[in-house]
Amino acid sequence: MTINKVVIAKGIYLDKELRLLVSFDEKDNAIDIINIDASKVGMKRLGKVEKVLKDIDASILVFDNKEKGFIENKKLKSQEFIERHSENKKVCQGDSFYVCISQDPKGTKPYSCNFCSENYEDRGVVAYYIHKFANKAKIITDIPNLQGLSDDVLYKDDQVSLWDLYEFTSILNKSINKVAFLKNGGNILIEETEAMTVIDVNSGKNYGKDNFLKTNILAAQKIAIELRRRSISGIIIVDFLKVSPKEEAQIIEVLNSSFQDDMSNVAIHGFTRLGLMEITRSRIYAPISQSIPTRIES
């Protein structure tokens, strides 16, 4: 899954203006969707230690904008602190230093951070994504003065907006829909909860055990695409169609191959005794379902 193009556009979705970054492969299939106004991944912040968590060897920080961050103490370089209160301790309350935000928070949890020096270049959300994940991609935007981007990439067309040209509304609709369809008529049902994400694989029109493995393989490939596109992380439980242990091993191979290019760390833990697949995916960006407006069902 190679990122061929990155489009950053503004538009109206469910009566709210959004600025989205969407990356595409060579077939113009959407890979990543990021609300650039809801994420701070890649941004530089000056943090002051509010509390040292000795039991897990980490620290809680308060940024200069009053938001909070979390950093493992093993990542710190005390010789590059802006303010230091003890020569005998690696870190203590009141110490201050610069960090780069590496992970959007979950709920009320703080941002996860990496240590960075004072001269670290803050590229901003968009340029950080491009530099880290899409440095060979073509860049197109209709938003002037984006941090880290040249105005040479600006799209100018009064007839067709960039949002409409790349069908951002349709992409968002599909990415918040609980059902994603497979090429053979089957589908996967994606249920996001606070504790985990549960995915159910359905055969749809394809009845008969002979089709179960084929549907499962298509579902495994689709799951890798959808988890990344929707920025779903944490614990993922998948209820595949029932197949033999030998065929389960094939599904694991397909999953490992499908997640190979994922920007997050993905672990395939295998099938449980109940026949459920366990997957974990590390968090970078907040789920798109949490950072855009959604319809309120009456």
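Rule-based calculations on the coordinates, nothing more; no lab input. Predicted model, so just to flag it, every value in this text is computed and none were measured. A quick note on method: Cβ atoms are made from the backbone with ideal geometry, for glycine too, and the neighbour counts reach across all protein chains shown.
General observations
- Taking each DSSP H run with n ≥ 4 as -39500 (n - 2.57) and averaging over every residue of the chain yields -6000 deg cm²/dmol at 222 nm.
- For Cys92, distant residues with modelled amide H under 5 Å away: His85
- The calculated FRET efficiency for the pair Lys54 and Lys136, based on their C-beta separation and a Förster distance of 45 Å, comes to about 0.55.
- Entries of Lys44/Lys138; Lys10/Lys106; Lys109/Lys138; Lys16/Lys136; Lys27/Lys136 with Cα pairs more than 27 Å apart: Lys109/Lys138; Lys16/Lys136
- Our summary of shape: the Cα atoms of the stretch 44-115 have principal axis extents of 35, 25, 17 Å, ordered from largest down, in whole angstrom.
- Cα-based equivalent ellipsoid of the stretch 177-291: semi-axis lengths in Å, sorted from largest, via gyration tensor: 22, 16, 12
- Under the convention that each Lys and Arg Cβ holds +1 and each Asp and Glu Cβ holds -1, the size of the dipole of the stretch 177-291 around its Cα centre is about 260 debye.
- The chain: most fluctuating residue of Ser258, Ser150, Ser175 per GNM, C-alpha cutoff 10 Å: Ser150
- Lysine pair count for the stretch 177-291 with Cα-Cα distance under 19 Å and sequence separation of 8 or more or different chains is 15.
- Eligible aspartates and glutamates near Lys132 by straight Cα distance, threshold 14 Å, same-chain separation 8 or greater: Asp32, Glu121, Asp122, Asp261, Asp262
- Degrees separating the helix 212-229 axis from the principal Cα axis of the chain, which is the longest one: 30 degrees
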